[in-house]
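See below for the structure under consideration.
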Amino acid sequence: MLSWMAWTWPTALVFIGIFSAMGVLTVLEIRNPGGDERLGVLGLVTTRGDRLFITLLGTVYIFLAWLGIFGLPLWVPLGLGIAWGVFCFWKV
């Protein structure tokens, strides 16, 4: 049924994580409408959804740069991606 894509556990976990984050943000938006806007270090007024998008985009760039420069293993960029996500939701 899903043979058009090579589903592996890491691939499934990435998609589950992204959709779970979107679900959490949806629940937060229902409980506290307005997106929790704030002015961050980049000088942009961002909402929770904006910060999630910046986090995901930055994490992809971190992984691609790591793969291009160093290759495998991917534990270091995973840590950098998590740190980037914490930074984005804390300061951006």
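Below is a table of values for the structure above.
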read-out	value
Residues of the stretch 27-53 satisfying the condition of being part of a helix (DSSP H, G or I) and over 15 Å from the mean Cα position of the chain (by Cα)	V27, L28, E29, I30, R31
Residue within the stretch 7-30 that is surrounded by 12 or more Cβ atoms within 10 Å (Cβ to Cβ) and at pLDDT below 90 present	no
Scan of the stretch 37-48 for residues that are surrounded by fewer than 15 Cβ atoms within 10 Å (Cβ to Cβ), out of contact with any strand residue (DSSP E or B) (no Cβ under 8 Å at 6 or more places or on another chain) and of a type outside the set (A, V, I, L, M, F, W, C), ordered by number	G43
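The values are calculated or read from the model by the stated rules, or taken from the named source; none is laboratory data. Just so you know, these numbers come straight off a predicted model, no measurement behind them. Methodologically, a virtual Cβ is constructed for each residue, glycine included, from the backbone with ideal geometry; neighbour enumeration extends over all protein chains shown.
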